[in-house]
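The values are calculated or read from the model by the stated rules, or taken from the named source; none is laboratory data. Computed from a predicted structure; not experimentally measured. All Cβ positions, glycine included, derive from the backbone under ideal geometry; neighbour counts span all protein chains shown. We work out accessible area using only protein heavy atoms, side chains counted, and drop any ligands, DNA or RNA first. Shrake-Rupley method; radii C 1.70, N 1.55, O 1.52, S 1.80 Å.
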Amino acid sequence: MAGFRSKFDTLRWRDGRLEMIDQRVLPAEILYLPFDSAMAVADGIRSMVVRGAPAIGCAAAYGIALDALRLRHQPPAEFNRELGSAFCALAASRPTAVNLFWALARMRSAWETCRNADAAQSAERLLEEAHAIFADDVAANRRMGRHGAELIKDGARVLTHCNAGALATAGHGTALGVIRSAIEGGKKVSVIADETRPFLQGARLTAWELMQDDIPVTLIADNAAGHLMSRGEIDAVIVGADRVAGNGDVANKIGTYQVAVLARRHNIPFYVAAPLSTIDGAIACGADITIEERGADEVRGHGDLHWAPAGVAVRNPVFDVTPAELVTALITEQGVMRAPDACKIKALLNESRHLK
Ligand code: MRU
């Protein structure tokens, strides 16, 4: 089968500004919003216009480039001060996905190479780096897809949680990229998508994205996963990640942990697809990962519709940690790591440093 060509852009550079598809209104509306400053991009990340770890990283990189371009006629001191604030604003937008901090570190290194350049040259260099981060993400997803596709059997029914697709990345996707690559390789694969309460990334985004590509997808309520597994209706689980700790523990969308426990109970392989930019070697284990808590309204209802009693106490942690021992394999652009652990992760990170 020919390769999939995306029918939408998660984010794109058009006429000197960033445009992002508004993921809050999908699938009802396909709306591209323009962004012309780091502050606007930070708001877009916080309010979930763009979400998904690699996509957030790309957006942040463009946020820095936008401010650098906006400030390019300022004197150096002003340029440096304002750009420093842009880094801080973007770093404060969401706490869990490490790709955000990874992309900002990459932008900072690019900026440091411009020490003797004027503001206009620095701005050009920073835009170039943002484009490179975007292109590298698509390339990593394609390579990850090819490695991961080997694990997917012809005819497999694959459960996924949240959205780890093209909408969560610069293109192709991580978990959904593996599925796309398996299909491109000639396999028949169907997807069971958890709706992913409370923000409904599975129902609104994964279902829509897969339908755009005519990939068979069946939506289930999150609490139906165990039942389907017990009936032998799921052959594999594949999810993305927001941060993989140094020992292989995986932070991903809330509910991932219970899916992993169910998969182990039913002897179903549980795969995590994540680029190296999602691995945080500086964090020893999942307990050290900051878990974002979002507003109560996301749990009490959706939009103007409230189904819970007004004023009821709510907890809304939006990520959880799956211990490495429940992960059958970690798929990265470098290959498939079975039973990830601290030694293997350390070796992978060292190896990839040497490849640069
Ligand atoms: O809150 P979100 O929608 O940003 O959470 C996204 C996820 O948890 C994804 O599974 C993860 O970022 C992997 S995306 C390739």
Requested in this report: Enter the angle in degrees (range 0 to 90, nearest 10) between the Cα long axis of helix 175-184 and the first principal axis of the Cα atoms of the chain, meaning the one along which they spread out most.
Outcome: 70 degrees
Query raised in the report: How big is Rg to Rh over the stretch 10-57, alpha-carbon atoms, Rh as the Kirkwood inverse-mean-distance radius?
Result: 0.93
Query - Filtered trypsin sites (Lys or Arg not before Pro), the stretch 98-185: DSSP coil and at most 16 other beta carbons within 10 Å - result: ARG115, LYS153
Query raised in the report: Using θ = phi - 60° and the Karplus curve 6.51 cos²θ - 1.76 cosθ + 1.60, what whole-Hz ³J(HN,Hα) does each residue of the stretch 147-164 get, with Gly and Pro shown as x?
Result: 5, x, 4, 4, 8, 9, 7, 4, x, 5, 9, 10, 8, 10, 10, 6, 10, 10
Report summary line: Sorting VAL272, THR206, VAL336 by the position of each Cα along the dipole of the stretch 144-355 (Lys, Arg +1; Asp, Glu -1; all at Cβ), the one nearest the positive end of that ordering is VAL336
Report task. Work out how much length CYS88 to ALA313 would gain on full extension: take 0.36 nm times their residue separation and subtract the Cα-Cα distance, in nm to one decimal. Result -> 77.8 nm
Query - the stretch 202-311: trypsin sites (Lys or Arg not before Pro) in DSSP loop, at most 11 other beta carbons within 10 Å - result: ARG231
Query raised in the report: Hey, what's the Cα Rg ratio for the chain versus the globular rule of thumb, 2.2 N^0.38 Å?
Result: 0.97
Query raised in the report: Per residue and in cubic angstrom, what volume does the convex hull of the Cα atoms of the stretch 139-234 have?
Result: 82 Å³
Query - Dimensions in Å of the stretch 144-355 - Rg and Dmax from alpha carbons - result: 16.9, 56
Report task. Would you work out what percent of the accessible area of the chain, with all protein chains in place, is carbon or sulfur (probe 1.4 Å)? Result -> 52 percent
Query raised in the report: Can you run phi through the Karplus equation (6.51, -1.76, 1.60; θ = phi - 60°) for the stretch 192-197 and list ³J(HN,Hα) in whole Hz, with x for Gly and Pro?
Result: 10, 9, 5, 5, 6, 5
Query raised in the report: Cβ under 12 Å from TRP102's Cβ, TRP102 left aside: what net charge do those residues give with Lys, Arg +1 and Asp, Glu -1?
Result: -1
Report summary line: The long-range amide H neighbours of GLY335, using H built 1.01 Å from N in the peptide plane and a cut-off of under 5 Å, are none
Requested in this report: May I ask for the angle, rounded to the nearest 10°, between helix 53-70 and the longest principal axis of the chain, with both axes built from Cα atoms and the value confined to 0 to 90°?
Outcome: 10 degrees
**Report entry** Accessible surface, the chain, averaged per residue in Å² (probe 1.4 Å)
**Finding:** 43 Å²
Report task. Would you please give the FRET efficiency between HIS73 and LEU31, computed as 1/(1 + (r/R0)^6) with r the Cβ-Cβ distance and R0 = 30 Å, to the nearest 0.05? Result -> 0.40
Query raised in the report: Looking at the stretch 261-352, which chymotrypsin sites (Phe, Trp or Tyr not before Pro) are DSSP coil and have at most 15 other C-beta atoms within 10 Å of their C-beta?
Result: TRP307
Requested in this report: Could you run the Karplus curve 6.51 cos²θ - 1.76 cosθ + 1.60 with θ = phi - 60° over the stretch 133-143 and give me ³J(HN,Hα) per residue in whole Hz, x for Gly and Pro?
Outcome: 4, 4, 5, 5, 5, 4, 5, 4, 5, 5, 5
Requested in this report: Would you mind computing, in nm to one decimal, how far apart the modelled labels at ALA224 and GLU298 are, each placed 7 Å from Cα along Cα→Cβ?
Outcome: 2.4 nm
Query raised in the report: Residue farthest toward the positive end of the dipole of the chain, with Cβ of Lys/Arg at +1 and Asp/Glu at -1: which of SER6, THR322, GLY63?
Result: THR322
Query raised in the report: Looking at the chain, how many pairs of lysines come closer than 19 Å at the Cα, when each pair is eight or more places apart or spans two chains?
Result: 4
